[in-house]
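The values are calculated or read from the model by the stated rules, or taken from the named source; none is laboratory data. Because the structure is predicted, anything quoted here is derived from the model rather than measured. As a convention, Cβ positions derive from the backbone with ideal geometry for all residues, glycine included, and neighbour counts pool all protein chains shown. Accessible surface is based on the protein model in full, side chains and every heavy atom, while ligands, DNA and RNA are left aside. Shrake-Rupley method; radii C 1.70, N 1.55, O 1.52, S 1.80 Å.
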Amino acid sequence: MATLSQTKELFRRADAVCFDVDSTVIKEEGIDELAKFCGVGDAVTEMTRKAMGGSMTFKTALNERLSIIRCSREQVNKLITDHPPQLTPGIRELVDRLHQRNIKVFLISGGFRCIVEHVATRLDIPLPHVYANRLKFYFNGEYAGFDESQPTAETGGKGKVINMLKEQHGFKNVVMIGDGATDLEAYPPASAFIGFGGNVVRQQVKEKSSWYVTSFGELLKELENI
């Protein structure tokens, strides 16, 4: 594991920074918000906690939660319109600063592309830089499952995306930032991992992070040390 000073150095010299979305870039867990909106919040929140704690495979947890929610396309669209995701304080400034320094920014999420694209647009992150799960709907708009072929539907999927980015773009230094077990397991292949506890602290992640921050201001400050 990289030391604190090595992690900070890798962050300052990053070619690309990849952010988790739920409870990192945004304050909430998108799937929990969708469940609440569809009236099955409690059952799904408990399963999310198990998934983030690493006690069941990600795909199993995703499948089971979506089987309970069974959201329609109309419900998803209404959620985004009526309850747009709340950006975590400081994320807009951090992404702007990274872009100014010509560091590529990616969103890699186990959440849903329709919600994550909305977040990306608000942060001026190009949509091809979004990797997330795709919900499937029948022609009448009813829930039809999710695209299980997406790497983000798998345990270890975020690492697969980072490997792919390194191959496609020739990135040497890729930093992953996130709050959960699925983010931590992306390092390696990520060159460094920064644990984020600004919305929720997951003890397992905190203990295994050489650099753990609770606000994006700490990362902005580090970029000024160049």
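The residue list Gln100, Ser209, Leu127 was ranked by how far each Cα lies along the charge dipole of the chain toward its positive end, using unit charges on Cβ atoms, and Gln100 comes out on top. Applying the criteria of a DSSP loop state and at most 13 other Cβ atoms within 10 Å to the chymotrypsin sites (Phe, Trp or Tyr not before Pro) of the stretch 91-186 yields Tyr138, Phe139. Computed on the stretch 42-170, the Cα convex hull volume stands at 129 Å³ per residue. Does the stretch 104-226 come out rounded, prolate or oblate by the C-alpha gyration tensor, with a ≥ b ≥ c the root eigenvalues, rounded set by a/c under 1.5 and, if not, prolate when a/b is larger than b/c and oblate if not? The shape class here is prolate.
Considering only Pro128, Pro188, Pro151, the mean-square fluctuation computed in a Gaussian network model of the chain, springs between alpha carbons under 10 angstrom, is largest for Pro128.
Out of the DSSP beta bridges found with both residues in the chain, what percent are antiparallel (nearest 5)? Walk me through the intermediate numbers first.
Details: 4 of 22 bridges.
The answer is about 20 percent antiparallel.
Sort out the exposed loop GluC sites (Glu not before Pro) in the chain (DSSP loop, at most 14 other Cβ within 10 Å) and tell me the longest stretch that has none. With GluC sites (Glu not before Pro) excluded where exposed in loops, the chain gives 1-141 as its longest stretch.
In the chain, the portion of solvent-accessible area held by carbon and sulfur atoms comes to 48 percent [1.4 Å probe, whole percent, DNA, RNA and ligands not counted]. Scanning the chain for trypsin sites (Lys or Arg not before Pro) lying in DSSP loops with no more than 14 further Cβ atoms inside 10 Å, the longest uninterrupted stretch between such sites is 102-171.
Which whole DSSP H helices in the chain pass both tests: a Cα extent of 27 Å or more along the axis and a mean Kyte-Doolittle value no lower than 1.0?
Working: long enough: none.
Qualifying helices, which must be both long enough and hydrophobic enough, do not occur.
In this Cβ point-charge picture (+1 for Lys and Arg, -1 for Asp and Glu), the chain has a dipole of about 380 debye about its Cα centre. Dipole size of the stretch 154-200 about its Cα centre, with +1 on Lys/Arg Cβ and -1 on Asp/Glu Cβ: approximately 180 debye, rounded to the nearest 20. Within the listed set Thr57, Thr24, Thr182, the Gaussian network model of the chain (springs between alpha-carbon atoms below 10 Å) gives the highest mean-square fluctuation for Thr57.
Computed over the stretch 25-103, the Cα gyration tensor eigenvalues convert (square root of 5λ each) into semi-axes of 27, 18, 10 Å, ordered from largest to smallest. Here each label is just a point 7 Å from Cα along the line to Cβ, and for Thr121 and Ser67 those points are 3.3 nm apart.
The residues of the stretch 82-184 have, on average, 44 Å² of accessible surface per residue, using a 1.4 Å probe with all protein chains present.
For the chain, what relative contact order do you get, as a whole percent, if you take Cα pairs closer than 8 Å and at least 6 residues apart?
Values: 397 pairs, mean separation 61.8, N = 226.
Rounded, it is 27 percent for the chain.
Once C-alpha pairs closer than 8 Å and six or more residues apart are averaged by separation and normalised to the residue number of the stretch 1-131, the relative contact order reads 33 percent. Taking each of Lys136/Lys166; Lys27/Lys136; Lys59/Lys160; Lys59/Lys104 in turn, the alpha-carbon distance tops 21 angstrom for Lys136/Lys166; Lys27/Lys136; Lys59/Lys104. Computed over the Cα atoms of the chain, pair by distinct pair, the Kirkwood hydrodynamic radius stands at 17.6 angstrom. If R0 is 30 Å, what FRET efficiency do you get for Glu218 and Thr57 from their C-beta distance, rounded to 0.05? Efficiency at R0 = 30 Å is approximately 0.40.
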